[in-house]
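No value in this document is a laboratory result; all are computed from the given coordinates. The model shown is predicted, which means the values in this text are computed figures rather than measured ones. Because the Cβ atoms are built from the backbone with ideal geometry, glycine has one as well, and the counts that use them run over all protein chains shown.
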Amino acid sequence: MKIVIAGYGVEGVSNLRYFQQKFPEAQLIIASQNTPANVPAGVEVRTGDSVFTEQLADADMVVRSPSIAPQRIKTSGKIWSATNEFFATCPTNHTIGVTGTKGKGTTCSLITSLLRAAGKTVHLLGNIGVPALDVVEQIQPDDYVVYELSSFQLWDLERSPDLAVVLMIEPDHLDVHGDFAVYLDAKKNIRRHQTVASRGCIYHPTNKYSRDVAMTPPEGLGSHQLGDQRPAGSLRVARRYAVPDDEQVYIDNGFFCQQGQQICSVDHLKLPGAHNLENACAAISAVMSLGLPLTAQQVAAGLEGFSGLPHRLKRVAQVRGVAYYDDSIATTPGSAIAALRAFAAPKVLILGGSDKGANYAELAGEVAQQAVRAVIVTGDNAGKIARALDQAKVAAPVLVRQQATMSDIVAQAAAVATEGDVVILSPAAASFGMYKSYVERGERFVAAVAALSEGGE
């Protein structure tokens, strides 16, 4: 039996380790466009630009990494993924899958914190957590799994999680998916393979694409079974979070509430921005949907137990009266809009990176309406963003620094900001071509801010 591990990043290394253990007699092969490092002895390596299309015909199984689209792989064998393997072998039915274009990591972390506050054993997996196959054998039937599911992981998913959480969706990764319809269809797999025993789906209250995913009828079930008037034993309905009419958690008068009853003050959430209040509503709704006897004290403790993830609108420092926030994970215009709306103070906004086919008109319109001191634009798509800002008649200065280093950009931001301002790195674009990842971009920003800190807090 020949098993090909397609891609050899973090998940690829995990895949190789797992399938070596599961099939000790199999021949394991690594396929990568570039020469991989740290390959175990005895493992064949196939490389080249055409490795996925021309060198895998003899494979019995190809286990793809998330970044490698199944359509790129040409083989007569089975195309598989770590996500599919996990859901096929996971011993617990308590699985919560979270998808969306933005907010996945934060919502997953909040769900995890809430479940742990309730005394449950929880495994946080996916892009934000550990590789799923590293822990699948440790999971017990009574444990809970929270799985962050990107479009790349959902692309060929064959089994859906017990509870699906669908956050705000907007066009993203169009450079990989080709068009938005393909991207959205991948998202629908989080719902498409649920069964009548599943807990169904909660979705964003206003986003039409989130609703489209939630209303996807699972295979073998008619769309009429998704409504409130459903036959007994049919699939549970999809419900919206953050609104009072769907029995999920919403906000009223400074409190998280459900069905007219206050749960706890929103002050227990330590994250800035209205979008994070929505994420918290989604997280609390998800845990409540599991039927757990969650107390108000446990909800408060769970919210307080999570202070935010690196590079997700994370406060870095205050230097000479100016607050700096790292939102490097914001790779879409919608994410940058949410960051802008999180602060009333005048803002210096840092935008730009590599182009993923996004439209910046809505972001530019938001900038025009906000208290923005200046916009610094960098990266390959700097010109595209600058033109959108110009068309929106943004009054604030737009400083194009296409090839500038992060140190230079932060120094520029510090020069134009005044006491009481907020400087936000929220690029609305990917980091490729400038940095290895959004993580490296954020780390460079944090380091550059640290270099400014002669005046301290």
Checklist outcome for this item: Yeah, the stretch 401-457 with a ≥ b ≥ c from its alpha-carbon gyration tensor (a/c under 1.5 is rounded, else prolate when a/b outruns b/c, oblate otherwise) is prolate
Checklist outcome for this item: hull vol. (C-alpha, convex hull) per residue for the stretch 58-127, Å³ -> 98 Å³
Next on the checklist: Taking 2.2 N^0.38 Å as the expected size of a compact globular protein, what ratio does the Cα radius of gyration of the stretch 2-76 give against it, to two decimals?
Outcome noted: 0.97
Checklist outcome for this item: If unit charges are put on Cβ atoms (+1 for Lys and Arg, -1 for Asp and Glu) and the dipole of the chain is taken about its Cα centre, the option from Val394, Tyr324, Thr83 lying farthest towards the positive end turns out to be Val394
Item to check | Farthest positive-ward along the chain dipole, Cα basis, beta-carbon charges - from Ser32, Pro244, Gly353 | outcome: Pro244
Checklist outcome for this item: Under the rule rounded for a/c under 1.5, else prolate if a/b exceeds b/c, else oblate, using alpha carbon gyration tensor axes a ≥ b ≥ c, the stretch 89-200 is classed as prolate
Checklist outcome for this item: Per its Cα gyration tensor (rounded if a/c is under 1.5, else prolate when a/b beats b/c, else oblate), the stretch 139-214 is best filed as prolate
Item to check | Largest to smallest principal axis extent of the C-alpha atoms in the stretch 84-304, angstrom | outcome: 41, 41, 39
Item to check | Binned Cα-Cα distance frequencies in the chain - 20 Å width, integer % | outcome: 24, 54, 22, 0
Item to check | Neighbourhood charge, 11 Å Cβ-Cβ cut-off, centred on Lys436 and excluding it, Lys, Arg +1 and Asp, Glu -1 | outcome: 0
Checklist entry - Using only Cα atoms, what is the ratio of the radius of gyration of the stretch 314-455 to 2.2 N^0.38 Å? => result 0.92
Checklist entry - What 222 nm value per residue comes from the helices of the chain, counting each DSSP H run with n ≥ 4 as -39,500 (n - 2.57) and dividing by all residues, nearest 500 deg cm²/dmol? => result -9000 deg cm²/dmol
Next on the checklist: Only four residue types carry charge here, +1 at the Cβ of Lys and Arg and -1 at the Cβ of Asp and Glu. Report the dipole size of the chain about the Cα centre in Debye, rounded to the nearest 20.
Outcome noted: 300 debye
Checklist entry - Here are some pairs, Lys104/Lys393; Lys102/Lys384; Lys78/Lys188; Lys188/Lys436; Lys2/Lys436; Lys102/Lys188; which of them have Cα atoms lying more than 24 Å apart in this structure? => result Lys104/Lys393; Lys188/Lys436; Lys2/Lys436
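Given the chain, what percent of its DSSP beta bridges are antiparallel, to the nearest 5? Show your work: numbers first, answer last.
On the way: 13 of 67 bridges.
Of those bridges, close to 20 percent are antiparallel.
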Item to check | the chain - percent relative contact order, Cα under 8 Å, separation 6 or more | outcome: 11 percent
Item to check | Total formal charge among the other residues, if their Cβ is under 15 angstrom from that of Ala358, Lys/Arg +1 and Asp/Glu -1 | outcome: -4
Checklist entry - If you place +1 on the Cβ of every Lys and Arg and -1 on the Cβ of every Asp and Glu, how big does the dipole about the Cα centre of the stretch 314-455 come out, in debye to the nearest 20? => result 100 debye
